[in-house]
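S.K.: Quick one: the structure is below, and I'll ask about it shortly.
The values are calculated or read from the model by the stated rules, or taken from the named source; none is laboratory data. Model, not experiment: these values are computed from the prediction. Cβ placement follows ideal geometry from the backbone for every residue including glycine, while neighbour counts extend to all protein chains displayed.
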Amino acid sequence: MTRITSAQAAVVARQIELQLAQGNFSAADQILSRCVEEVRLQRRELCDEYALPREVPLTRLSLEPQVLEALETVNITTVGDLQGVTYEQLLEVPAINTTRASQVRDSVRQLVRDFKTRSFEQAL
């Protein structure tokens, strides 16, 4: 699956802006509709790909790159890899302080809540 980059999104936003400025509301609406459909398709594919929370890569969570890199050094790359890891053990990972450990914990909790309430598709 191809992910839309922020640069691509900026180009599309500019295209919509230009169409609106020229009064081409129908063209702007068509561009926006295609974008919305692409996002929905990507969400469905992600939901199919990650049937359980433990299968979700940590890169899907809203974590700082430094946190992801630190966890990767101790072979923690998915939510499932965190299973059984205590808060105190997270603090033993280099570059993980209390704030970052709390961010990891809160992000995983939110993901699990989203799965339980079936709003996972919306979370992505």
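S.K.: Take the residues in the stretch 81-92 that are of a type outside the set (D, E, K, R) and surrounded by 15 or more Cβ atoms within 10 Å (Cβ to Cβ), then tell me which one is nearest to LEU61 (Cα to Cα).
M.R.: The extreme case among them is LEU82.
S.K.: For the stretch 85-124, enumerate the residues that are in a loop (DSSP other than H, G, I, E, B), modelled with pLDDT under 85 and not aliphatic (A, V, I, L, M).
M.R.: Selection gives THR117, ARG118, SER119.
S.K.: When you scan the stretch 93-119, how many residues do you find that are loosely packed, with under 12 Cβ neighbours inside 10 Å, among the basic types (Lys, Arg) and over 15 Å from the mean Cα position of the chain (by Cα)?
M.R.: Counting residues in the stretch 93-119 that are loosely packed, with under 12 Cβ neighbours inside 10 Å, among the basic types (Lys, Arg) and over 15 Å from the mean Cα position of the chain (by Cα) gives 2.
S.K.: Okay, next question. Within the stretch 31-42, identify whether any single residue is over 28 Å from ARG113 (Cβ atoms), free of Cβ contacts under 8 Å to residues at least 12 places away in the same chain, in a loop (DSSP other than H, G, I, E, B) and not assigned by TED's automatic domain parsing to the domain that holds LYS116, and answer yes or no.
M.R.: No: the stretch 31-42 contains no residue that is over 28 Å from ARG113 (Cβ atoms), free of Cβ contacts under 8 Å to residues at least 12 places away in the same chain, in a loop (DSSP other than H, G, I, E, B) and not assigned by TED's automatic domain parsing to the domain that holds LYS116.
S.K.: Another question, if that's okay. Between a residue in the stretch 1-18 that is loosely packed, with under 13 Cβ neighbours inside 10 Å and any residue that is in a helix (DSSP H, G or I) and at pLDDT 90 or above, which pairs come within a Cβ distance under 6 Å, given they are 6 or more apart or on different chains?
M.R.: none
S.K.: Also, I was wondering about something else. So ASN75 fits all but one of (1) touching an Asp or Glu at 6+ places or on another chain (Cβ under 8 Å); (2) surrounded by 12 or more Cβ atoms within 10 Å (Cβ to Cβ); (3) without any contact (Cβ under 8 Å) to a residue 12 or more places away in the chain; what number is the exception?
M.R.: (2)
S.K.: For GLU45, state whether it is assigned by TED's automatic domain parsing to the domain that holds SER102, within 24 Å of THR5 (Cβ to Cβ) and either modelled with pLDDT of 90 or more or surrounded by 12 or more Cβ atoms within 10 Å (Cβ to Cβ) (or both).
M.R.: Spelling it out, it is not the case that GLU45 is assigned by TED's automatic domain parsing to the domain that holds SER102, within 24 Å of THR5 (Cβ to Cβ) and either modelled with pLDDT of 90 or more or surrounded by 12 or more Cβ atoms within 10 Å (Cβ to Cβ) (or both).
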